Amino acid sequence: MKRFSTLAVHAGEERFNHYNAITTPIVQTSTYIFRDREHIKAFAEKRLAHHEYGRYGNPTQEAAERKLAVLEGARDAILFASGMNAICTTLLALLRSGDHMIITDDAYKKTLDFTTNALPRFGIEATIVKMCDYGEMEAAIRPNTRIFFSESPTNPYLNIMDMERVTKIFKPRGITVISDSTFATPFNQRPLEFGIDLVVHSCTKYLAGHNDLLAGVVLGSPDMIETIRLFRRTMGGVIDPLVSYLLIRGLKTFPLRMAQMNRSGQRVAEFLEGHPRIKRVHYPGLKSHPHHETAKAQMSGFGGVVTFDIDCDIDGALSFLERLQLFYIGPSFGGVEALITHPATISYYDCTREERYRLGITDGLMRLAVGCEDAEDIIEDLEQALRD
Ligand SMILES: *Cc1c(COP(=O)(O)O)cnc(C)c1O
């Protein structure tokens, strides 16, 4: 077996392609044609592997799926048009009316929204439990619990779930454990090795890595992925061949970008932790992080997202943002450009200050994501913006 960076470049793709092109072709078609009656018959009798219609599969998308599966150490993978599409389709494919699922309270906001607002309309109940409260997780189990869904690390505090502990609680009871590993990527963490059943990523972030596309992937055993694949045939939400190509292209340099972002993330976190205007820094690579030991045990790097609290009010926070020259202000992370977001005004603008503070979203809370810039330039930008 070749090593990670080599696999990122080569895995999943054919060595020789049409016209001897070195790249995997973008098979930009919605339908696949039959040549004659023998061709039709061979297809109907399953003697011939033949694509049929774009919603069922596409060669470019399948190459991207194979590459992602190899990187995650999964036996199968299925791609979707976005991370949310991957999550919603997976839950709908695996759950039925009368089932119950458990989800942690700091999961991605839209995942929580789907499980607590949409699924109950189909007779599926969800219990929200506190992240890292393993007693509460166990106590939430019912006879009809089918899925435990969590993330690690989480947004914005980068909480780390002890994956071994979680699989010990749920797996003996036949409950499927799903983990959204977007913040870690297979470069830093491989949840399947800890017994997690299904791994989900928003490929929009680190995996594609250029802030230019949306995609999502689910990885795991062929039987579970096949159940989801059959459902995708009906639901749609397939990824376009051109976007699949861009994802393949991004994946080839993903280990290089990730190594750089891990280094810069750590340096930026350490810089901020030593700055007098910063009240608190949340980064799993810091000793001060409450789950640092768990993170060290199950991750090989801690990523490019750093959350920190500036000692200031809303106006001070916005002034800080405006002084930044390198960072772009906006949601998302994992792309080559450094990004920063101010949750209080950008994600929680419809909450009262009281509601926000209950969720831990303070006036001065910032979440930054380093890009592929030099760490020194990122730090200099923060330093000048933190000067009054
Ligand atoms: C962005 C994100 C998603 C949603 O992915 P999209 O590609 O934006 O649909 C889900 N989970 C996490 C942890 C994310 O960061």
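Would you point out which residue out of 128, 103 is outside any helix (DSSP H, G or I), open to solvent by less than 40 Å² (accessible area, probe 1.4 Å), β-branched (Val, Ile, Thr) and under 27 Å from residue 206 (Cβ atoms)? Don't jump to the end; show me each part of the working.
Numbers: 128 fails: open to solvent by less than 40 Å² (accessible area, probe 1.4 Å).
Criteria check complete, one pass: 103.
So, in the range 76-125, of the ones that are more than 30 Å from residue 244 (Cα to Cα) and among the basic types (Lys, Arg), which residue ends up nearest to the ligand (Cβ to nearest atom)?
Filtering first and then ranking leaves 121.
If we keep just the residues of the range 8-21 that are touching a residue at least 60 places away in the same chain (Cβ under 8 Å) and open to solvent by 30 Å² or more (accessible area, probe 1.4 Å), which is nearest to residue 255 (Cα to Cα)?
9
Among helices (runs of 4 or more DSSP H) lying entirely in the range 290-388, which contain 3 or more residues that are under 19 Å from residue 274 (Cα atoms)?
Numbers: elements: 292-298, 314-323, 343-346, 353-358, 375-386.
In the range 290-388, the matching helices (runs of 4 or more DSSP H) lie at 375-386.
Please enumerate the residues belonging to the range 163-176 that are open to solvent by 20 Å² or more (accessible area, probe 1.4 Å) and either within 16 Å of the ligand (Cβ to nearest atom) or in contact with a strand residue (DSSP E or B) (Cβ under 7 Å, 6 or more places away or on another chain) (or both).
Our first condition is that a residue be open to solvent by 20 Å² or more (accessible area, probe 1.4 Å); within the range 163-176, this holds for 164-165, 168, 171-174, 176.
Correct list: 171, 176.
Give me the residue from the range 311-346 that is open to solvent by less than 10 Å² (accessible area, probe 1.4 Å) and over 27 Å from the mean Cα position of the chain (by Cα) and, out of that set, farthest from residue 109 (Cα to Cα).
Out of the qualifying residues, it is 320.
Is there a residue in the range 82-94 that is touching a Phe, Trp or Tyr at 6+ places or on another chain (Cβ under 6 Å), of a type in the set (A, V, I, L, M) and surrounded by 14 or more Cβ atoms within 10 Å (Cβ to Cβ)?
Scanning the range 82-94 turns up at least one residue that is touching a Phe, Trp or Tyr at 6+ places or on another chain (Cβ under 6 Å), of a type in the set (A, V, I, L, M) and surrounded by 14 or more Cβ atoms within 10 Å (Cβ to Cβ).
For residue 179, which of the numbered conditions (1) surrounded by fewer than 24 Cβ atoms within 10 Å (Cβ to Cβ); (2) within 11 Å of the ligand (Cβ to nearest atom) fails to hold?
Unmet for residue 179, out of (1) surrounded by fewer than 24 Cβ atoms within 10 Å (Cβ to Cβ); (2) within 11 Å of the ligand (Cβ to nearest atom): (1).
Output the residues belonging to the range 193-252 that are within 16 Å of the ligand (Cβ to nearest atom) and open to solvent by 30 Å² or more (accessible area, probe 1.4 Å).
210, 211, 212, 214, 235, 238, 240, 243, 246
Report, by residue number, each residue of the range 106-124 that is crowded, with 17+ Cβ neighbours inside 10 Å and either more than 23 Å from residue 236 (Cα to Cα) or without any contact (Cβ under 8 Å) to a residue 12 or more places away in the chain (or both).
106, 107
The values are calculated or read from the model by the stated rules, or taken from the named source; none is laboratory data. All values derive from a computational prediction rather than experimental measurement. No Cβ is skipped: glycine too gets one built from the backbone with ideal geometry, and neighbour counts run over all protein chains shown. We work out accessible area using only protein heavy atoms, side chains counted, and drop any ligands, DNA or RNA first. Shrake-Rupley method; radii C 1.70, N 1.55, O 1.52, S 1.80 Å.
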